[in-house]
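The values are calculated or read from the model by the stated rules, or taken from the named source; none is laboratory data. This one's a predicted model, so the numbers in the text were calculated from it and none came from an experiment. We place every Cβ from the backbone using ideal geometry, glycine too, and count neighbours over all the protein chains shown.
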Amino acid sequence: MNKKIILLATFIICCLFTYAQNLGSSPEYIKALTADWKGERFADGRPKVSDAILERLKNISIEEAWGVLRNKGYMNQFEGNWTIINPEEAMTGRVVTAQYMPLRPDLQKQVKEQGKKENRGQQGGTNSWPIDILTSGDVYVADGYGKIEGGTLIGDNLGNSIYSRSQRGVIFYGSVRDQEGLSEIKGFNGWIKGSHPSFIDQMMLTSINAPIRIGSATVLPGDVVLAKKYGVLFIPAYLVEELVITSEVTALRDEFGHQRLKEKRYLAGQIDSEWTPEIKKDFTDWLDKYPEKLPMPKEELDKYLKDRNY
């Protein structure tokens with residue numbers, strides 16, 4: 001028995017050591033981080049949440065989405081107080097993470113050597129490496145530890161590269177250069193902590209697609225991000241579909257409830273507590289009367305409502 005335990009411990013240590021040597025996380029490591037996801041995955045191991053769900057997520061409010069996550073025990077997924085390049089445009093997508101740290105020459109040397117082994121581009125700075133792996137629907141999320149001057153992870157050239165690959169933008173706990181130029185890239189958006197005309201200086205990339213911290217939020221590669229002018233929420237991939245329909249139904253309930261209260265058909269206490277069979281039937285009849293209000297297929301809604309008290 002002791003021999004088996006020793007062999008298992010040795011295997012785990014070897015695995016951790018292997019992960020520590022890589023700049024980019026292996027598909028096996030990302031799959032372990034996101035083990036609750038049971039659907040399709042990208043070649044790099046990240047969950048492949050559907051484009052349809054990402055599009056529906058844009059219409060969900062931060063408050064509704066946060067409430068679903070809170071009820072699931074996820075209390076540390078929100079970060080606010082951003083400078084937003086195009087604040088009226090929402091952004092959703094699948095997260096690619098990057099970690100930056102203050103420059104340390106010996107570690108920077110190892111990072112560059114490992115980058116060669118992983119066939120990463122050797123021209124330009126290492127801050128281009130996370131961009132090189134982006135695909136359509138990805139959002140580049142980086143912890144730049146709040147550095148503003150000299151913490152400019154991209155300018156408008158890299159911004160154009162990001163958008164051409166992902167058709168999305170960035171979320172940086174750090175800064176950018178040439179915010180004006182970035183704002184002129186049609187479709188690009190960014191949630192940043194500031195901007196500065198300086199070039200990136202005295203900071204280094206240390207990991208790609210590993211867990212990172214964005215302010216008060218813990219972020220995993222393959223999370224789904226909901227970014228609006230009211231803040232940014234990072235959603236575990238395995239919860240996003242349930243979160244979307246739950247939030248959509250909540251919004252429909254609220255619209256129905258507000259309408260019925262304005263009509264003085266029910267008292268406020270009746271709407272704010274568990275609904276009676278009469279109100280439930282009134283709600284489903286109301287949904288049938290206004291099918292254009294449904295953001296989801298009717299079959300999906302019926303399945304969701306079947307076993308729920310509301």
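Being part of a helix (DSSP H, G or I), surrounded by 11 or more Cβ atoms within 10 Å (Cβ to Cβ) and under 33 Å from the mean Cα position of the chain (by Cα) is the filter here; which residues of the stretch 285-310 pass it?
L287, K293, K298, E300, L301, D302, K303, Y304, L305
List every residue pair whose Cβ atoms lie under 9 Å apart, where the two residues are 6 or more positions apart in sequence or sit on different chains, the first residue falls within the stretch 281-310 and is closer than 16 Å to R56 by Cα and at pLDDT 90 or above, and the second residue, located anywhere, is among the hydroxyl-bearing types (S, T, Y) and in a loop (DSSP other than H, G, I, E, B).
Final answer for the pair search is none.
For the stretch 171-185, does any single residue satisfy the condition of being over 20 Å from S25 (Cα atoms), part of a strand (DSSP E or B), touching a His at 6+ places or on another chain (Cβ under 9 Å) and in the same structural domain as E88 (by TED's automatic domain parsing)?
The answer is yes; a qualifying residue exists.
May I ask you to list pairs of residues, at least six apart or on different chains, whose Cβ atoms are under 7 Å apart, with the first in the stretch 180-198 being buried (at least 22 other Cβ atoms within 10 Å of the Cβ) and at pLDDT 95 or above and the second being in a helix (DSSP H, G or I) and of a type in the set (D, E)?
Between residues of the stretch 180-198 that are buried (at least 22 other Cβ atoms within 10 Å of the Cβ) and at pLDDT 95 or above and residues that are in a helix (DSSP H, G or I) and of a type in the set (D, E), the close pairs are L182/D156.
Of all residues in the stretch 65-79, which are in a helix (DSSP H, G or I), charged (D, E, K, R) and either in contact with a His (Cβ under 9 Å, 6 or more places away or on another chain) or crowded, with 19+ Cβ neighbours inside 10 Å (or both)? I'd like the intermediate steps shown before the answer.
Let us first name the residues in the stretch 65-79 that are in a helix (DSSP H, G or I), namely 65-71.
From what is left, the residues that are charged (D, E, K, R) are 70.
None; the set is empty.
So which residues in the stretch 252-284 are part of a loop (DSSP other than H, G, I, E, B), acidic (D, E) and surrounded by 10 or more Cβ atoms within 10 Å (Cβ to Cβ)?
Selection gives nothing.
So in the stretch 117-169, with the set limited to residues that are acidic (D, E) and within 17 Å of T83 (Cβ to Cβ), which one is surrounded by the fewest Cβ atoms within 10 Å (Cβ to Cβ)?
Looking only at the stretch 117-169, we keep the residues that are acidic (D, E), and these are 118, 132, 138, 143, 149, 156.
Restricting the remaining residues to those that are within 17 Å of T83 (Cβ to Cβ) gives 143, 149, 156.
Working: D143: 22, E149: 12, D156: 18.
For the stretch 117-169, the residue satisfying everything is E149.
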